[in-house]
Amino acid sequence: MKSQQSIPAAYSGLPPFLSEWKASPGHKRFLRKYERRQLREGKSPAAAKRARLEFAYLIKQIAIRGTLWEQEIRMAIHTDRRALRNLRYFVKKDQNCPKLESEFNLIVMLSMWAHAQDWNSDRSEMRGHRRRFIPRDEFLLFLRQRGANGATHGELITDKVWQDYAMYSSELRMMGFKIETTQIKTSGGNRDCRFVLKEEPKRHKLVTKREEFARIAKAIQNLGRPPWLREVWRLTSTMARMEAGFDRHQKEESAAARLKQTFEDDLVRLAGTHLKRMTYLMGLADATAHNLKNPASLLGERLFVRLQRRRYPRRKV
């Protein structure tokens with residue numbers, strides 16, 4: 001547990017409503033139950049009391065400084081000069097709240113947005129899931145997730161999903177992606193290759209399986225549905241409809257995705273005409289939350305393009 005002295009000086013000036021924080025009756029009841037549970041588990045009265053006091057201190061720190069997720073994002077912002085300027089701009093813009101309170105609220109919103117889908121098993125980019133995109137784009141998402149750590153040849157061929165990774169990698173390179181290959185030595189003294197995604201083209205739209213199946217079915221239909229391709233046309237048409245049903249079900253059932261979009265809408269509304277400032281903060285929060293090696297500027301640019309298109313569908317970004 002971090003001590004009070006380990007907290008940076010930037011957070012030392014607390015407004016009165018935080019410096020005078022006291023445990024509520026509900027907190028006190030919870031702490032008493034926690035101490036009794038420690039006694040039932042066989043701890044001595046002194047150890048149980050010490051555990052209760054440490055837990056009470058942790059609750060107070062969370063109420064004052066935020067959760068560990070929020071503290072990590074705050075530290076990342078305060079160590080990034082550009083992010084700190086953007087944060088101070090939004091804090092200064094909101095004159096109705098005390099300075100630290102409005103900063104605290106903004107960091108809470110950024111943290112909740114960045115972690116909104118962590119508990120959701122349907123998250124398409126960061127968790128195990130029913131693979132929604134074509135294999136090439138799934139491999140691209142895998143490399144994005146790995147960031148600067150990349151993936152080795154041994155890891156890729158061990159996983160059955162990526163045994164054809166060389167074909168996907170070649171296709172991505174032809175599309176303008178820069179994938180760096182370096183020779184490394186393993187712990188056993190053998191040689192291996194590491195693949196790291198370095199650069200991406202400015203605009204690349206991920207292709208879903210539904211779109212790919214629909215494209216193949218349409219191409220066969222434009223050929224006049226020749227007999228030797230008629231069975232393929234039926235299969236691809238059926239698969240396109242099935243994938244469309246899966247996508248619709250995922251959109252309807254993903255409560256975490258709706259929650260993330262709600263936080264996103266609030267942040268966009270707060271940003272107003274300064275969307276680039278907010279998307280840089282969001283990119284830094286996302287990189288910190290998921291330990292990504294991608295620069296915050298790159299993540300912020302992607303967010304800016306996506307949110308700008310959502311706000312102004314007919315405007316070119």
Open item on the list: Return the residues of the range 206-233 that are under 38 Å from the mean Cα position of the chain (by Cα) and over 26 Å from MET175 (Cβ atoms); say none if nothing qualifies.
Closed with: TRP233
- [ ] Could you tell me whether any residue of the range 164-184 is at pLDDT below 80 and charged (D, E, K, R)?
- [x] no
Open item on the list: Here is a list: GLY188, GLY224, GLY154. Which entry is at positive phi and not assigned by TED's automatic domain parsing to the domain that holds PRO295?
Closed with: GLY224
Task: Qualifying positions in the range 153-179 - of a type in the set (A, V, I, L, M, F, W, C) and more than 15 Å from ARG194 (Cβ to Cβ) - done: VAL161, MET167, LEU172, MET174, MET175, PHE177
Open item on the list: For the range 275-294, give me each residue that is surrounded by 14 or more Cβ atoms within 10 Å (Cβ to Cβ) and assigned to a loop (DSSP other than H, G, I, E, B).
Closed with: HIS290, LEU292, ASN294
- [ ] Check whether at least one residue in the range 4-14 is of a type in the set (S, T, N, Q), outside any helix (DSSP H, G or I) and modelled with pLDDT under 70, and report yes or no.
- [x] yes
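The values are calculated or read from the model by the stated rules, or taken from the named source; none is laboratory data. Values in this document were obtained by computation on a predicted structure and should not be read as measured data. Because the Cβ atoms are built from the backbone with ideal geometry, glycine has one as well, and the counts that use them run over all protein chains shown.
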